[in-house]
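The values are calculated or read from the model by the stated rules, or taken from the named source; none is laboratory data. Since we're looking at a predicted model, the values are computed, not measured. Cβ placement follows ideal geometry from the backbone for every residue including glycine, while neighbour counts extend to all protein chains displayed.
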């Protein structure tokens, strides 16, 4: 496997130090890391200096240098998780317009209002995932999630964004824009395979039956097979 790193231009970089990580192998689940300054001269190969234990202050400074710091934000009540890598929030059940291709079997109801299930959104590195909930309450870590029964969303919850006008950031201020981008885009295709809904007519039959209605029938949701904690902890 080959790996390349783009450093953003002709800037010169100098090796200053190294972090070594140790673990106990199969006999222990303990691990630790140490910092080593680089020693050497202009003609000799660089050498690792004595080990120095890592401190919280050092790791904070390292994160700042790598651009991994999260700026302070006031978190609204619907935010579930906020880390430097991702943002997870939930949206109570509501009614939204949805748009479909005119040549699709859902074209006849495109642009109408549809009741939506309670949803959980997750954004990480400009990727969007969505899950549904069968109860209109704030979920806990152990809450069982449901498949979001939409075109452009697979059974893993990943959204095929296509021409969706996605925000450039995963900040609290951008949550509403992520939601608008999803619902104001055109729902075009079934993404992947699997059990999207319990409705006998599949995704298309479900949304045709809901055009103009007021409440989403949670009995039509299909279990996703994971809890909120598992969804949040997923790498992808």
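Scanning the range 91-146 for residues that are out of contact with any strand residue (DSSP E or B) (no Cβ under 8 Å at 6 or more places or on another chain) and closer than 18 Å to residue 229 by Cα turns up just one, 140.
Just give me the residues in the range 147-158 being part of a loop (DSSP other than H, G, I, E, B) and touching a strand residue (DSSP E or B) at 6+ places or on another chain (Cβ under 8 Å), in sequence order. Selection gives 148, 149, 150, 151, 152, 155, 156, 157. For the range 32-79, the set of residues classified as modelled with pLDDT of 80 or more and out of contact with any strand residue (DSSP E or B) (no Cβ under 9 Å at 6 or more places or on another chain) consists of 77 only.
Among the residues of the range 79-91, are any in a loop (DSSP other than H, G, I, E, B) and in contact (Cβ under 8 Å) with a residue 60 or more places away in the chain? No; the residues of the range 79-91 include none that is in a loop (DSSP other than H, G, I, E, B) and in contact (Cβ under 8 Å) with a residue 60 or more places away in the chain. Each residue in the range 196-236 was checked for being assigned to a loop (DSSP other than H, G, I, E, B), modelled with pLDDT of 95 or more and closer than 25 Å to residue 123 by Cβ, and 3 of them qualify.
Please tell me if residue 196 is crowded, with 17+ Cβ neighbours inside 10 Å, closer than 20 Å to residue 105 by Cα and touching a residue at least 12 places away in the same chain (Cβ under 8 Å). So residue 196 passes the test.
Within the range 11-20, does at least one residue satisfy the condition of being over 28 Å from residue 84 (Cα atoms), at pLDDT 80 or above and surrounded by 12 or more Cβ atoms within 10 Å (Cβ to Cβ)? No: zero hits.
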